[in-house]
Amino acid sequence: MDLRDSVEEAQFRAGLREWLAGAVPANTGPDVAPPLGRWDDTAAVRSFTAALHAAGYAGLTWPAEYGGRGLSPAYQAIYLEETARAEAAEHIGVIGLGMVGPTIIACGSTEQRARYLPRILTGEIIFCQGFSEPEAGSDLSAVRTVARREGDELVVTGRKVWSSYAHLADHCLLLARTDPQQRRHRGLSCLLVDLRSPGVTVRPIRQMTGAAEFAEIEFDEVRVPLDAVVGGIGDGWRVAMTTLAHERGTFGFTLTARLEVAFRRLVATARARGRDTDPLVRDQIAARYVELEGLRWTNRRGLAALARTGVPGPETSVIKLRWSQAHQRLTTLAVQLLGAGAEPDGWDRYWRHQMLRSRANTIEGGTSEVLRNLVAERVLGLPRSY
Amino acid sequence: MDLRDSVEEAQFRAGLREWLAGAVPANTGPDVAPPLGRWDDTAAVRSFTAALHAAGYAGLTWPAEYGGRGLSPAYQAIYLEETARAEAAEHIGVIGLGMVGPTIIACGSTEQRARYLPRILTGEIIFCQGFSEPEAGSDLSAVRTVARREGDELVVTGRKVWSSYAHLADHCLLLARTDPQQRRHRGLSCLLVDLRSPGVTVRPIRQMTGAAEFAEIEFDEVRVPLDAVVGGIGDGWRVAMTTLAHERGTFGFTLTARLEVAFRRLVATARARGRDTDPLVRDQIAARYVELEGLRWTNRRGLAALARTGVPGPETSVIKLRWSQAHQRLTTLAVQLLGAGAEPDGWDRYWRHQMLRSRANTIEGGTSEVLRNLVAERVLGLPRSY
Amino acid sequence: MDFALTGEQETLRDTAAKYLADDRSLSDGQAWTEMTDLGWLDAELGMVELALLAEQLGWARSPSPWWATIGLAGPALRAAGRPPGAPATLAWAEENGPGTLAGAVAAIGRSVADPAVGCVVAADGTLTGRKIRVPNVDDAVDLVVTARGPRGVELRLVDASALRPAPAGAGGQALDPTRPVATVELTGVPSVPLVAADAAADVLAVTRRRSLALLAAEAVGVAARALSWASGYAATRTQFGQPIGANQAVAHPLAESYGQVETARSLAYRAAWSVEAEPGPIADRAVLTANVAAREAAMAACEAAIQTYGGSGFTWEQPLHHWYRRAWWLATYDGTVADLRGELAGLLLDG
Amino acid sequence: MDFALTGEQETLRDTAAKYLADDRSLSDGQAWTEMTDLGWLDAELGMVELALLAEQLGWARSPSPWWATIGLAGPALRAAGRPPGAPATLAWAEENGPGTLAGAVAAIGRSVADPAVGCVVAADGTLTGRKIRVPNVDDAVDLVVTARGPRGVELRLVDASALRPAPAGAGGQALDPTRPVATVELTGVPSVPLVAADAAADVLAVTRRRSLALLAAEAVGVAARALSWASGYAATRTQFGQPIGANQAVAHPLAESYGQVETARSLAYRAAWSVEAEPGPIADRAVLTANVAAREAAMAACEAAIQTYGGSGFTWEQPLHHWYRRAWWLATYDGTVADLRGELAGLLLDG
């Protein structure tokens, strides 16, 4: 057990930090309320993505044969930590890079690999994910989007919701029912769909914060060639689970690093409002710190298991669950700190937005209820409860 | 709406207080740690019961024709509040008085009424309740105790647990299966069993506190006359539910009044340990007070509904649930207050016992899980979840 | 001891519920006239009646300035023999002043030289100063202002319509845009006296008690509405082949919320009753207790409801977030819940 | 960056688990000899190794004085070149003294006239004073005592066996009878010097860091055992025709508990590593953080387990309450969780 970076890791981290210091437009730092939506400018994200790729930071863990650097997950973890701390944009094709690309590597055809992988890395192709539907939220096996076979084509009709990056994406990894006779997990297929095809409509979903990070995608008789199927007709459930497994890989490092930034801002807000001497506030700040640290070191423990066994340890199954609770508590505390007696300032706007946004944390990417089911069933060995 | 006692209620309360001041051995008051188990002396409880009866405080809400005073539940509530505040003993036949007696009045035969009711009031007959079994805790319909018919008798074999007052009781209201062909709620009967019959063994159950408030009762081929059946053979589920409904009637007043005494002791402990100026402790004390008051006024609201409609309002369904949580939080806080730096004194012993004892609060008399099921299903109209 | 509503009280409540169920009444310019016609400003309404109205307005998350008029401005206007008619509000908070109205009262009482009230009355009766977090000033016709006069802090009346468009910060920054708070700059604005310096602290103490008692009732309404939506959705939304409410993970938090809402309701009614029947320390305790319980119940019910609705609960289109914003407003007005608990502890421990 | 145990560490842990699974080892007089033979007192064991042992001892809720010997008395004995062999403990707390060991260290540093250490060394080396809450003094052979000498507070060694039966209050009053704390009256008891006044504060600071790091690991063991029992019971106990664990009301609290236990485990291992690798403020933070998380995890896991077992969980015969008692002991030793959070806040905010 050695909890310090190895020499190589430390070098990689230092190089990345240096690069980020130049590549990321000046941060406000944790002491000043940051402007909201600083990465809303798509052109800026595109140019940052190009720079990332040029500097060799796209596809760190992808095999070299597919344009990656073949590094261990520890480097990806460092990358995620440092970019989150620097408040850099994400690679514009983060869904392709983290989820769809690895799925194509694992389950895709040679042609699919050649066609998509290089352009995912550069950011030329931007993927989104089309899994959830209005009636299939936590229960993905209830998808109703249909892909009907007609000759060499599949004809897709249905509606997908909660798709991140869909407003930027030109492609979608779609889960659809190809065999309407079959039910639940059977008869599903995953398709790589070009969103510029006729019949596709993308509409932003306005969230309670007022922003629209997600979109709904409507497919009205959209024609997709048969060779867009990943891993074979009827193999959709397995492919989708591969995709979701990648979602949960080292994502905890991003979440935790963002929570670390939020924690520093919480402390800054407490100081700015003169609340850092209030014993109740101090107690709460310490409690939030303990939660943050618990996530940080559990991420690292999970990474050690991943490095040794190829699968993350069972303890990583609680990271997203606990992160979402910790983030909600942190933003709730922050809004309470804003308190009375002072004029609204940048922190008011910032924390109110963060607080409202954080309510989705226990819903998006697996609801807390579903995650507790999974821990109870798969880790603790309890009977299925739903 | 008038939240003060009516003139008659105020008179009754004043009379009762005066009587209790004379009848209850001097209390330590809330500022001194009370001795544990002050009512462990059965002779003292018997003599207090006789005095209660003589003073007309037994059977306040029972109809006059059965020896009661035919008063409204408000008087029972006042009685429960004042006796709990005075830390008086309960009537030694509290199970008979509050649950078995009303069940006999509602479902029993004329002979049963004549035989049991007068002697329940005086404390000559002490009832306990024989419902729970090792394999039938929350799920009463799973009782395995069998009452086999043989001529004019039923022959009872089985084991009952968690029976309060069983160590004092001479009679038991027993739920047993009279028809082994039937399952779940059917084929059950309620019997009035004399515990001095051959084949009955009562053993105390030692709790984690070290005390033994409950007992298990073993029935080994115990012969019970057929006329001991309450409400008819096969009618056991309905009769048992009548009994349990009485358990939940105005019991909230007792629980809340005891919580009020505990709250005063909590404040005394905080002062004794010099913790009453600690902002974190003050915050907690205020939170416990809010919980206490919430119970107090919800009891009163429920009583108003009971007085007008004959059934307690739906809001009373949460009293036991919230009381158990409030009491556990209170005792937990108290033990934390004991803190470091001081020698163990009476408060240590007192609160450690209360804290351990309070862990049963969310289990006994309906687990919190079962109570939440009931609220969700019967009050909120959600589908059955178990 | 009778904790039941009278028939008249039930009728008042049910009429309010019916009136407010009509969405039109929430935004229409006629709303104030209609509420007046319904008798919601009548001087003879007792606190329990007012609390029942506040609860229904919370259930509907009404944008009406009724609470600011009755709860905040009302006591001063009545003390001056000018019972509220037009929409009104009270401006008491100042930058760097005490955090709560009770704190302001205490500061006023402590020392006439205290800087807690920076707004001053000139010899000609004009006011100059800056007030922050004034609720519903956009709608107000009458603005009651705490201001330092020659003999101490007094309450004075300003024609709020004369201030337009001076109120700054309304709307945009507000967590709950339907109950905007604004900063008001007063620069030599004419005013008339309402309450003299010797009575101001008493009137403000009554104001706090009444305004908070009504807020607790409003919070109960907010909580009950969120819980009602969540229960309805849980009973009908299907996932994994059954209504989601068949999952204890969904059902039990709603059962807990129900317990919170109902105990808060008991406390809110009791506080309203107490404000009139037991004015003084008992009512202060009752009001603080009800506010702690009701504000927490409103936050928890809204959060449970958003979680129950899942993805759709998080959309702008789903109305839940409007109630959540109101719950947050309630949770932080005139002190956070922690502040109120601190104050309550003072009453319990330092008495 | 490698958060994996080495093969040797895993072997040590598994051997300990196997040894402790044998119930005999918990009470037998041979236990100390066996633990010594197993190498659990070896000077070369690092903090991670010691934490793994502490975790296993917590899992088994061992009554052994191992922690008092290694965690409390060990640092002073080692500093004096007398590594612990026999059961030992440390007496630092005094009536009305500071609440935590860190507080005692700070008080020692602040002023030689401070009354925090009331036990005094006479010219002939005898000690007179009263120490409270001394853990495991019944078993101890060596008693390390903080006492005021002519040049300040020093650490001195007393033959604890000479004190018998003087230690008062052990057993009966204890929440956890398997880790009794007692009051020790020292009335002219002979002692030998261990750590001089100029080094005592440093040694006590190390003592606190190490003893608390091991307590965090022990708490993780306690929590993991309670959770393991609860999960096993929930999977097999049947009510309403199915295992109770098929109810989310039962399963989800256990899933939450699992999350608490595992994050606490990460923090406890990290704290142990940090105490050696990063001694100083970083380790202090890590140790406090781990203790907050692990103590809370142990309490919550035991409470969830008792609730899962229902009626039977509340009986004396069910062993759960022994672990719950230990969890409470851990939750309040050398400061409550709230005290530790307050101290942590100081490191985070006042640095």
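The values are calculated or read from the model by the stated rules, or taken from the named source; none is laboratory data. Being a predicted model, the structure only gives us computed values, none of them experimental. Please note: Cβ atoms are built from the backbone with ideal geometry, for glycine as well, and neighbour counts cover all protein chains shown. When the accessible area is computed, the model is the full protein with side chains, heavy atoms only, and any ligands, DNA or RNA have been set aside. Shrake-Rupley method; radii C 1.70, N 1.55, O 1.52, S 1.80 Å.
A label point on B:Q181, set 7 Å along the Cα-to-Cβ line, lies at 4.7 nm from each of its counterparts in the other copies, closest listed first. Out of every Cα-Cα pair in segment D:201-350, what percent are more than 24 Å apart? Tail of P(r) above 24 Å: 37 percent of Cα pairs. The value given for segment C:166-288 is a Kirkwood hydrodynamic radius of 18.3 Å, derived from the mean inverse Cα-Cα separation.
When a/c reaches 1.5 or more, the comparison of a/b and b/c decides; with that in mind, is segment A:23-140 rounded, prolate or oblate per its Cα gyration tensor? Taking the square roots of the gyration eigenvalues as a ≥ b ≥ c, segment A:23-140 is oblate. Between A:D31 and B:W39, the distance separating the two model label sites (each 7 Å from Cα on the Cα→Cβ line) works out to 6.3 nm. Using the 1.4 Å probe convention, the accessible area of segment D:7-80 works out to 39 Å² per residue with neighbouring protein chains retained.
Where chain A is carried onto chain B by rotation, the Cβ closest to that axis, with its residue and distance in Å, is A:P279, 2.
The alpha-carbon positions of chain A define a convex hull whose volume is 152 Å³ per residue. Annotation: average projected area of segment B:117-235 is 7.6 square nanometres, based on the convex hull of Cα atoms across all directions. List the lysines whose Cα lies under 26 Å from the Cα of A:K320, skipping any in the same chain that are fewer than 8 positions away. The reachable lysines, counting only those whose Cα sits under 26 Å from A:K320, are A:K160. The distance from the alpha carbon centre of segment A:256-333 to that of segment B:163-239 is 53 Å, rounded to a whole number. Model label sites at D:T187 and B:D170, defined 7 Å from Cα along the beta-carbon direction, differ in position by 5.5 nm. Within chain C, helices built from complete DSSP H runs that reach 20 Å or longer along their own axis (Cα positions) and carry a mean Kyte-Doolittle hydropathy of -1.0 or higher are C:7-21, C:197-236, C:248-277, C:281-309. Annotation for B:A245, label-to-label distances across the other copies: 5.6 nm (shortest first, one decimal, point 7 Å from Cα along Cα→Cβ).
With no solvent and one equal point scatterer per Cα, compute the Debye intensity ratio I(q)/I(0) for segment A:248-380 at 0.15 Å⁻¹ and report its log10, rounded to two decimals. Here the Debye-derived log intensity ratios amount to -0.74.
Each Lys and Arg contributes +1 and each Asp and Glu -1, all at the Cβ; summed about the Cα centre of chain A, the dipole is approximately 780 debye.
Between A:A136, A:A77, A:A286, the GNM of chain A built on Cα springs shorter than 10 angstrom shows A:A286 fluctuating the most.
Might you work out the accessible area of B:R119 for me, using a 1.4 Å probe with all protein chains in place, and round it to the nearest 10 Å²? Rounded to the nearest 10, that gives 100 Å².
A:W162 contributes about 70 Å² of solvent-accessible surface, heavy atoms of the protein only, 1.4 Å probe.
Taking the inverse of the mean 1/r over every pair of distinct Cα atoms in chain C gives a Kirkwood hydrodynamic radius of 20.8 Å.
Per residue of C:231-237, other chain Cβ atoms within 10 Å of the residue Cβ number 3 on average.
Taking all protein chains as they are arranged and a probe of 1.4 Å, the heavy atoms of A:W347 leave approximately 10 Å² accessible to solvent. A protection proxy built from the mean count of other Cβ atoms within 10 Å ranks the segments D:327-334, C:289-296, B:265-272, most packed first, as C:289-296, D:327-334, B:265-272.
Modelled label positions at A:H353 and B:E18, each set 7 Å beyond Cα in the direction of Cβ, lie 7.1 nm from each other. Our estimate of slack between B:R203 and B:R384, defined as 0.36 nm per intervening residue step minus the Cα-Cα distance, is 61.5 nm. In the elastic network of chain A, a GNM with C-alpha springs shorter than 10 Å, the most mobile of A:T256, A:T277, A:T332 is A:T277. In segment A:110-199, the DSSP beta bridges split such that about 70 percent are antiparallel, to the nearest 5.
Cα convex hull of the protein assembly as shown: mean projected area in nm², to one decimal?
Result: a mean projected hull area of 58.7 nm².
Note on B:312-319: average number of Cβ atoms from other chains within 10 Å of each residue's Cβ is 4. C:T128 label point (Cα plus 7 Å toward Cβ) to equivalent points in the other copies: 7.4 nm, shortest first.
The mean count of C-beta atoms from other chains within 10 Å of the C-beta of residues in B:373-379, rounded to a whole number, is 6. Highest mean first, the peptides C:207-219, D:268-280 sorted by other C-beta atoms within 10 Å per residue fall in the order C:207-219, D:268-280.
Between chain B and chain C, roughly 4200 Å² of accessible surface gets buried, counting both sides and using a 1.4 Å probe.
Say R0 is 51 Å: what FRET efficiency, to the nearest 0.05, do A:R196 and A:V261 get from their beta-carbon distance? Once rounded, the FRET efficiency stands at 0.90. Here the Kirkwood formula puts the hydrodynamic radius of segment B:7-92 at 13.7 Å, using every distinct Cα pair. Among D:E154, D:E185, D:E55, the residue with the largest mean-square fluctuation in a Gaussian network model of chain D, with springs joining Cα atoms closer than 10 Å, is D:E185. Across segment C:7-80, the volume of the C-alpha convex hull divided among the residues equals 85 Å³ per residue. Phi angles across segment B:146-159 convert, under the Karplus curve 6.51 cos²θ - 1.76 cosθ + 1.60 with θ = phi - 60°, into 3J(HN,Hα) values of 10, 10, 8, 7, 9, x, 8, 10, 10, 10, 9, 9, x, 9 Hz, Gly and Pro given as x. Taking Cα centroids, how far is segment C:202-221 from segment B:104-143 in Å? Here the two parts' Cα centres lie 49 Å apart. Here segment D:227-351 exposes an accessible surface that is 56 percent carbon and sulfur, computed with a 1.4 Å probe and the other protein chains kept in place.
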